[in-house]
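Engineer: Take a look at the following structure, please.
The values are calculated or read from the model by the stated rules, or taken from the named source; none is laboratory data. What you see is a predicted model, and the numbers here were worked out from it, not measured in a lab. In this analysis, Cβ positions are derived from the backbone assuming ideal geometry, glycine residues included, and neighbour counts consider all displayed protein chains. Ligands, DNA and RNA are excluded from the accessible area calculation, which covers all protein heavy atoms including side chains. Shrake-Rupley method; radii C 1.70, N 1.55, O 1.52, S 1.80 Å.
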Amino acid sequence: METGLFIGVDLAWAQQGGTKPNETGVAAIDRTGTVIDCGWTFGTEETLEWILRTAGGRPGLAFVDAPLVVDNPTGQRLCEREVGQRYGRWKVSANSTNQGSPRLAGLDLRKRLEAAGWTYDDGRDGPPSDGRFFSECYPYTTLVGAAELGYDQERPRYKRPLRGVPAAVWQEARARECDGLIARLHGLATARPPLLLDSHEDSGRLLAEPSPRKSVDYKHREDLIDALLCAWTASLWAHHGLARCQVLGATTPHPPGHAPTIIARPARSSGGTGARTRPRCVRTERPAPSRPPPPN
C-alpha cells in the first residue's frame, strides 16, 4: 500500500435500532506506526464518516473486526471454523455467523463503504498495492499469532469473566491482564511494522492510566485496544502479505474478491519457542474447541 494508511475498526456487531448502538473502536496508523487518529464512534453511519474523514481522499487499507460477507443460511462460516482449528490450542475460537444471526452490522458497513468507493478484498490474491480496500480480521489471531507479543501458551484473558469467580476478583484480574497486554503492545514500537501507542493522546492514555475495573469504562478501553490491533494487522498484511499472514476460508468456491474470509496472523507452534507455522490456505482437520468463543 503506497500511502501506508492502515485503519482498524472494532465494530459493534448489533444493528442500530431504536436505542443508541454500542461503541465502535476506531484507529488509523501510518507506515511508521504513528497513530494518526483513534477514538470511538456509534453506529455504522458515524463509523463510515470517521473512516472517510480520516482517509481524506487518500488510498488506504481498513481491517474490520466483524463479519463482512455472510452468505450461509445456517451454521458457521468456513473462516470461523478454521479459527478454532488453527488457534484452538491457544483457546481462541470464533462466534458462528449466518444469515439468521441477529448481529450483522458488518454487512451494513460493507454496503456503505462500497457505496463510498471502497472495495472489499478477500485477500486470496495477497495484499492490494494501491487503492481503497477493506477486509475482515480477528484481533485474537494476531494476539496469539504474533511472536512479538509473546502469548506462546494461551490467549490473554482480558475479556471474558472468570467462571465461578466473584466479580470484584475477576475485574481486578482482568484489569491486570489488560495492563500486561498494553505493555506488550507498547513493545511493538520496535517491531516491523511498528505501532507507536504514545504517538496519540487517546492511545497514549492506555499507557498513562491503569485499566479501570468498572465494566462500562473497561469496555471503552477494550474497544480501542482491539481497533489498534486491527490497524496493526492491516499494516502487517500490507508489509508482509502471506509471509506473515494467512487467509482463513480461502478454499471456498467464490469468485475472486468475494469470499467470506478472515485475514489472520498465522498460528505458531506451542511450547514458548516463538516458531511459526507455515501460512496455509487449506482447511486442517483438527476439531474446533468445545469452549465457548471469546466475545467480540
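Engineer: Is it true that some residue in segment 200-209 is more than 18 Å from V26 (Cα to Cα), in contact (Cβ under 8 Å) with a residue 12 or more places away in the chain and small (G, A, S)?
Structural biologist: Looking for residues that are more than 18 Å from V26 (Cα to Cα), in contact (Cβ under 8 Å) with a residue 12 or more places away in the chain and small (G, A, S), one finds none in segment 200-209, hence no.
Engineer: Can you tell me how many residues within segment 108-119 are more than 16 Å from the chain's Cα centre (by Cα) and in contact (Cβ under 8 Å) with a residue 24 or more places away in the chain?
Structural biologist: 6
Engineer: Looking only at segment 186-197, decide whether some residue is among the polar types (S, T, N, Q) and touching a residue at least 12 places away in the same chain (Cβ under 8 Å).
Structural biologist: No, segment 186-197 contains no residue that is among the polar types (S, T, N, Q) and touching a residue at least 12 places away in the same chain (Cβ under 8 Å).
Engineer: What residue, among those in segment 184-199 that are among the aliphatic types (A, V, I, L, M) and either over 17 Å from the mean Cα position of the chain (by Cα) or closer than 15 Å to L236 by Cβ (or both), is surrounded by the most Cβ atoms within 10 Å (Cβ to Cβ)?
Structural biologist: L195
Engineer: Give me the pairs, please: first residue somewhere in segment 61-72 and touching a residue at least 24 places away in the same chain (Cβ under 8 Å), second residue anywhere and open to solvent by 10 Å² or more (accessible area, probe 1.4 Å) and among the aromatic types (F, W, Y), beta-carbon distance under 6 Å, and either six or more positions apart or on two chains.
Structural biologist: So the pair list comes out as L61/F133; A66/W13.
Engineer: Can you work out which of the residues in segment 24-46 that are of a type in the set (D, E) and within 30 Å of R192 (Cα to Cα) is surrounded by the most Cβ atoms within 10 Å (Cβ to Cβ)?
Structural biologist: Residue satisfying both the conditions and the ranking: D30.
Engineer: Answer with yes or no whether R244 is open to solvent by 20 Å² or more (accessible area, probe 1.4 Å), under 27 Å from G88 (Cα atoms), out of contact with any strand residue (DSSP E or B) (no Cβ under 7 Å at 6 or more places or on another chain) and without any contact (Cβ under 8 Å) to a residue 60 or more places away in the chain.
Structural biologist: Considered against the rule, which asks whether it is open to solvent by 20 Å² or more (accessible area, probe 1.4 Å), under 27 Å from G88 (Cα atoms), out of contact with any strand residue (DSSP E or B) (no Cβ under 7 Å at 6 or more places or on another chain) and without any contact (Cβ under 8 Å) to a residue 60 or more places away in the chain, R244 comes out as yes.
Residues checked against (1) of a type in the set (D, E); (2) buried (at least 18 other Cβ atoms within 10 Å of the Cβ); (3) over 23 Å from D71 (Cα atoms); (4) at pLDDT 95 or above:
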residue	(1), (2), (3), (4)
P102	no, no, no, no
G126	no, no, no, yes
E136	yes, yes, no, yes
Y158	no, yes, yes, no
A173	no, no, yes, no
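Engineer: Inside segment 247-268, can you point out the residues that are crowded, with 18+ Cβ neighbours inside 10 Å and out of contact with any Leu (no Cβ under 8 Å at 6 or more places or on another chain)?
Structural biologist: V247, A250, A259, P266, A267, R268
Engineer: Please work out which one of (1) open to solvent by 10 Å² or more (accessible area, probe 1.4 Å); (2) modelled with pLDDT of 95 or more; (3) not β-branched (V, I, T) is the condition L109 fails and give its number.
Structural biologist: (1)
Engineer: What strands (runs of 3 or more DSSP E), lying completely within segment 21-104, carry at least 2 residues that are closer than 30 Å to Q153 by Cα?
Structural biologist: Per the criteria, 23-29, 60-64.
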